[in-house]
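Only one structure is covered here, and it is reproduced in the block below.
The values are calculated or read from the model by the stated rules, or taken from the named source; none is laboratory data. Just so it is clear, the structure is predicted and the values come from calculations on it, not from any experiment. When we count neighbours, we look across all protein chains shown, and the Cβ atoms used for this are built from the backbone with ideal geometry, even at glycine.
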Amino acid sequence: MKIFCKTEKINISHFLKKMCFLSNLLLLFSCDSFVEVDLPKSQLTNTAVFKDYASANAAMADIYSKMRDVGILTGGLYGFSVQLGTYTDEITFYGPPTSPTALFYANTILPSNSTVSLFWNNTYNQIYAANAVIEGVEHSTFNKEQRTQLIGEAHFVRGILHFYLLQLFGPIPYIKSTDYRQNSNASRLLSYKVYENIIEDLKNAEQMLASQYVPSERTRPNSFTSKALMARIYLYQGDWENANIMSSLVINNSLYKIETDLNKVFLKSSTETIWQFMPSSPNKNTDEATNFIFTSTPPPLIALDASLVNVFTSDDLRKNIWISSITGPNGKWFYANKYKESKPTSPSKEYPIIMRLSEQYLIRAEARVHLQNLSGAFDDLNKIRNRAGIQNVIEGSVDEILKNILLERRKEFFTENGHRFFDLKRTGKLDVELGNKPGWKSSNELLPIPESEITLNPNLKPQNSGY
């Protein structure tokens, strides 16, 4: 068995001998992919790493930096926003046919796909690092309040990362340990058991995290970040009552307020941001802007799909403010312009936003429909429509209201971390909406388990259907 750190392959027994001489966990966290065999627990809870708050906090901050730069939530090319945008009907791909993204666009993914392996490996690597923080900080001796905050953050990270893996791959192992013997033979849990573990982690996080942000820029989760994610999960499970309760707790908190000006929604100071990543440097803005904005035609890599642009009515302010276009000799192309700063500024103006308040209104609207509170559902739906400058919805059947909510989610969250794919999947509409897309098959609702992982751990069998 091998462990991968950057591009170097190292025999595991030789590596473990070398690890005995290492005392800084941050070196471990610099690895770019998940270890197929985890490192011994004794190495991850080294007292030299967690002896004080500064080093433990740096370990947690490094996890966020990995999530931002190489994880599934990165705004870079190999994150959900681009890859799942091409996989569905948000983004048209114009790059070379040899690109891994071309396979997502064509819906011709194989178990050997390199991007799928990145999704799996990077995410489990970050989960593993979160487990190391939990185990290490639990045995540390610095301030109890600081310990509680860090452990709460690690529980939140572990929960949200498993949540996304579940959406991509279906039943998965839920990794709570740094014991390489357990992890190298872990079996896939049924989806409902994975959800139970996620909710347990998020409830722990909710209890441990402060209600205020530390720091104030909303770059580390607070207790309401955990509530917001639980609201989403309850929605996905069809637990309408709890989805309503959790989203209401977030909506009613004075920390959050819908930005009436669409130009302010994606600024780092936005009042509706629930959680965002800190950029890697004080002058850097987002990778989302770098990837989505283009200045020449035809588009060098990606552009918004015409089917997405066409769902916006002419009076929808989101079409004018969050979408821009460029015309060339051979036509007109559109790009996502939610993040507008594609170059450095002094200081940074935009941070990558992972969770925001408008989702909570649409979660509650959907939950209220199922709870037969139609007037409340209209109020929440129209809160988002009014901000976009479009007419209120005031009547309709249950099916019509739900259709309007799903449409509003499509227009509100396009190119944001795979919302479109996950919404179509959870509502059973993937085949209806994507059935005419060349290469689409019903089995594409799940990605394949990377074949290299199944080879190393047969307990991950059976492979997902269709692969």
Inspect all residues belonging to the range 104-125 and state whether any of them is outside any helix (DSSP H, G or I) and under 23 Å from Pro282 (Cα atoms).
no
Cβ-Cβ under 9 Å pairs, at least 6 apart or on other chains, the range 57-71 side surrounded by 18 or more Cβ atoms within 10 Å (Cβ to Cβ), far side of a type in the set (D, E, K, R):
Met60/Glu153; Met60/Arg220; Ile63/Glu153; Tyr64/Glu153; Tyr64/Arg220; Lys66/Asp32; Arg68/Asp287; Val70/Asp32
Could you list all residues from the range 70-107 that are within 20 Å of Leu304 (Cα to Cα) and of a type in the set (Ser, Thr, Tyr)?
Thr74, Tyr78, Ser81, Thr86, Tyr87, Thr88, Thr92, Tyr94, Ser99, Thr101, Tyr105
Quick one: Gln207 ticks every box in (1) in a helix (DSSP H, G or I); (2) in contact (Cβ under 8 Å) with a residue 40 or more places away in the chain; (3) surrounded by 15 or more Cβ atoms within 10 Å (Cβ to Cβ) bar one, so which box is it?
(3)
For the condition in a helix (DSSP H, G or I), surrounded by 19 or more Cβ atoms within 10 Å (Cβ to Cβ) and in contact with a Phe, Trp or Tyr (Cβ under 6 Å, 6 or more places away or on another chain), what is the one hit in Ile198, Ile134?
Ile198
Kindly provide the set of residues from the range 378-405 that are without any contact (Cβ under 8 Å) to a residue 24 or more places away in the chain, surrounded by fewer than 17 Cβ atoms within 10 Å (Cβ to Cβ) and assigned to a helix (DSSP H, G or I), ordered by number.
Asp379, Asn386, Asp399, Glu400, Lys403
With touching a Ser or Thr at 6+ places or on another chain (Cβ under 9 Å), modelled with pLDDT of 95 or more, in a loop (DSSP other than H, G, I, E, B) and within 28 Å of Glu217 (Cα to Cα) as the only criterion, which of Glu350, Glu359 stands out?
Glu350
Residue check, Lys437 against (1) touching a residue at least 24 places away in the same chain (Cβ under 8 Å); (2) part of a helix (DSSP H, G or I); (3) not small (Gly, Ala, Ser), all met but one. Which one?
(2)
Matching residues, the range 120-142, being closer than 12 Å to Lys176 by Cβ and charged (D, E, K, R)
Glu135
Over the range 148-194, the set of residues more than 15 Å from Thr123 (Cα to Cα), assigned to a helix (DSSP H, G or I) and of a type outside the set (S, T, N, Q) is Leu150, Ile151, Gly152, Glu153, Tyr180, Arg181, Tyr192, Lys193, Val194
All positions within the range 72-103 that are assigned to a helix (DSSP H, G or I) and either crowded, with 21+ Cβ neighbours inside 10 Å or of a type in the set (Phe, Trp, Tyr) (or both):
Phe80, Ser81, Val82, Gln83, Leu84, Gly85, Thr86, Tyr87, Thr101, Leu103
Out of (1) part of a loop (DSSP other than H, G, I, E, B); (2) modelled with pLDDT of 95 or more; (3) polar (S, T, N, Q), the odd one out for Ser216 is which?
(2)
Six or more apart or on different chains, Cβ atoms under 7 Å: show the pairs whose first residue is in the range 79-95 and within 16 Å of Leu446 (Cα to Cα) and whose second is of a type in the set (Lys, Arg) and part of a helix (DSSP H, G or I).
Thr88/Arg420
Subset of the range 148-178 (residues that are within 30 Å of Asp52 (Cβ to Cβ), touching an Asp or Glu at 6+ places or on another chain (Cβ under 9 Å) and surrounded by fewer than 22 Cβ atoms within 10 Å (Cβ to Cβ)):
Lys176, Ser177
Considering only residues that are part of a helix (DSSP H, G or I) and either within 15 Å of Glu395 (Cα to Cα) or under 22 Å from the mean Cα position of the chain (by Cα) (or both), which ones fall in the range 368-377?
Arg368, Val369, Leu374, Ser375, Gly376, Ala377
